[in-house]
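A.B. asks: Got a structure for you, written out below as structure tokens; questions coming shortly.
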Amino acid sequence: MPAIPEKLGAAYYRGFLTPQGQLAYDRMQDQLLRGDYKGEAVFPAGPGAVTADDCFAAYQALRDDHPEYFYLGFSSAFSCRGGEGILRYPILYAPETIRRIQRQLRISLCRLVRGTAPLPLVEREILVYRRLACQLDYCNHNDVRDHNIVGPVLLSSGVCEGHNALLLLCFRRIGIPCIKVYGKSRRDRGHCWTIAWIHGDPVHCDVTWDRAEDGLVRFDYLNLSDARISGDHYAYQGAAVPPCPSDAWSYYRYRRLEVSSYPALRSRLRADAARDRFPILLHFRYTPASGDYLEETRRALAAERMGGGCQLLCNPEQKNVAVRRVP
């Protein structure tokens with residue numbers, strides 16, 4: 001099992017840098033923590049000097065490890081001057097704007113994690129994840145704010161990178177180690193999401209694809225294994241990405257929402273409807289003869305005389321169905 005990352009994952013990608021890259025990473029971070037936003041780091045020449053490749057890798061690692069450095073732009077440039085190497089990188093906002101956004105970020109994080117302290121770890125995670133999924137909209141303004149925490153914090157919108165940045169900061173705030181992962185999806189050419197460590201097990205979490213639909217959060221992508229998320233996420237494997245073999249903490253297994261046969265499906269629907277436990281969330285541990293999870297659920301609802309007044313939502317890749325009441 002991959003080791004749980006130190007500092008809750010906030011120095012994870014630093015660990016894959018060369019010693020010179022780590023020196024560049026630490027120097028840039030020291031400057032930022034001092035409030036030095038000039039966007040330039042200088043490194044002396046000589047034996048074992050920091051190279052351009054070291055600097056570029058360090059800058060990328062710094063951005064990936066620290067979504068709170070939302071003011072760092074995407075590109076960087078390296079040049080030599082005399083006996084020194086200089087890395088220049090864009091600072092997206094003026095210092096006073098940075099401080100205002102930082103204040104708003106602290107307020108947002110406090111609101112999102114409020115009331116989680118006394119809860120067990122997975123319950124803390126579910127509550128924060130639900131709040132984020134209900135708050136965030138997917139919107140691309142063709143602006144850098146969509147790709148960092150500025151859009152999600154100030155506008156409650158953004159794209160996967162922005163959503164993921166806020167999720168990372170929330171998880172770390174409640175004590176869950178986590179890292180950013182790049183890959184691809186069947187909906188998008190490029191995508192990113194989170195790997196979190198739950199009770200020592202690394203698992204995939206994608207809050208962008210779990211955004212609420214009319215107030216319903218379905219938790220299709222919370223705490224998945226490689227095998228489960230690979231149904232519609234791919235090209236994320238690499239030396240720095242830990243394997244995620246366990247589904248023990250997936251929402252549907254943790255909440256005991258799985259059904260393993262048609263009789264079990266009918267029993268779940270009957271029991272939950274009798275207690276008015278709507279929406280009813282189901283994960284199929286078996287494949288229906290028809291191969292169609294919606295059709296199997298409709299058949300079970302009809303057999304239980306529950307067909308009217310129900311709306312069905314299906315995620316066939318994850319083998320999940322939600323049954324909700326229609327007024």
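A.B. asks: Calculate, in whole percent, how much of the Cα-Cα pair population of the chain lies beyond 31 Å.
C.D. replies: Numbers: 20745 of 53301 pairs.
For the chain, the fraction of Cα-Cα distances above 31 Å is 39 percent.
A.B. asks: Report, to two decimal places, the Cα Rg of segment 196-253 normalised by 2.2 N^0.38 Å (N = number of residues).
C.D. replies: 1.14
A.B. asks: Given the DSSP H assignment, sum -39500 (n - 2.57) over each helix run of at least 4 residues in the chain and divide by its residue total; what's the result at 222 nm in deg cm²/dmol, nearest 500?
C.D. replies: -10500 deg cm²/dmol
A.B. asks: Check cross-link reach from LYS319 to the aspartates and glutamates: straight Cα distance under 20 Å, and skip same-chain residues fewer than eight apart.
C.D. replies: Within reach: ASP206, ASP210, GLU213, ASP220, ASP226, ASP232, ASP247, GLU258, ASP272, ASP292, GLU295, GLU296.
A.B. asks: Further question: Where does segment 200-312 land on Rg/Rh, using Cα atoms and the Kirkwood Rh? Show your work: numbers first, answer last.
C.D. replies: On the way: Rg = 15.9 Å, Rh = 15.7 Å.
Computed over Cα atoms, the ratio is 1.01.
A.B. asks: Only Cα pairs within less than 10 Å get springs; with that Gaussian network setup on the chain, which residue of ARG253, ARG124, ARG211 has the largest fluctuation?
C.D. replies: It is ARG253.
A.B. asks: Moving on. For the chain, give the percent of accessible area contributed by carbon and sulfur heavy atoms, probe 1.4 Å, rounded to a whole number. Don't skip to the end; give the middle numbers.
C.D. replies: Working: 7570 of 14950 Å².
Summing carbon and sulfur atoms, their accessible area is 51 percent of the total for the chain.
A.B. asks: Treating the beta-carbon of each Lys and Arg as +1 and of each Asp and Glu as -1, no other charges, what is the dipole magnitude of segment 47-158 about its Cα centre, to the nearest 20 debye? Could you put the intermediate results ahead of the total?
C.D. replies: Numbers: 13 positive and 12 negative charges, 119 e Å.
About 580 debye.
A.B. asks: Is there a quick way to get the dipole size of segment 1-55? I mean about its Cα centre, with the Cβ of Lys and Arg at +1 and of Asp and Glu at -1; what is the value in debye to the nearest 20? Spell out each step's value before the answer.
C.D. replies: Working: 5 positive and 7 negative charges, 25 e Å.
That gives segment 1-55 a dipole magnitude of about 120 debye.
A.B. asks: While we're looking at this one, here's another question. Write down the Kirkwood hydrodynamic radius of segment 27-172, to one decimal in angstroms, obtained as one divided by the mean of 1/r over all alpha carbon pairs. Don't skip to the answer; put the middle values down first.
C.D. replies: Working: mean 1/r = 0.0596 Å⁻¹.
Computed over segment 27-172, the radius equals 16.8 Å.
A.B. asks: Dipole of the chain, Cα-centred, from +1 at each Lys and Arg C-beta and -1 at each Asp and Glu C-beta, to the nearest 20 debye? It would help to have the intermediate numbers written out before the result.
C.D. replies: On the way: 43 positive and 36 negative charges, 228 e Å.
It works out to roughly 1100 debye.
A.B. asks: Here's something else I'd like to know. With unit charges on the beta carbons (Lys and Arg positive, Asp and Glu negative) and the dipole taken about the Cα centre of the chain, which residue among GLY15, PRO118, ASN140 sits farthest to the positive side?
C.D. replies: In the chain, that residue is PRO118.
A.B. asks: Take the alpha-carbon positions of segment 1-63, form their convex hull, and give its projected area averaged over all directions (one quarter of the hull surface) in nm². Don't jump to the answer; show the numbers that get you there.
C.D. replies: Working: hull surface 20.2 nm².
Dividing the Cα hull surface by four gives the mean projection, 5.1 nm².
The values are calculated or read from the model by the stated rules, or taken from the named source; none is laboratory data. This one's a predicted model, so the numbers in the text were calculated from it and none came from an experiment. Every residue, glycine among them, receives a Cβ derived from its backbone with ideal geometry; neighbour counts consider all protein chains shown. These area figures cover heavy atoms from the full protein model, side chains too; ligands, DNA and RNA do not enter into them. Shrake-Rupley method; radii C 1.70, N 1.55, O 1.52, S 1.80 Å.
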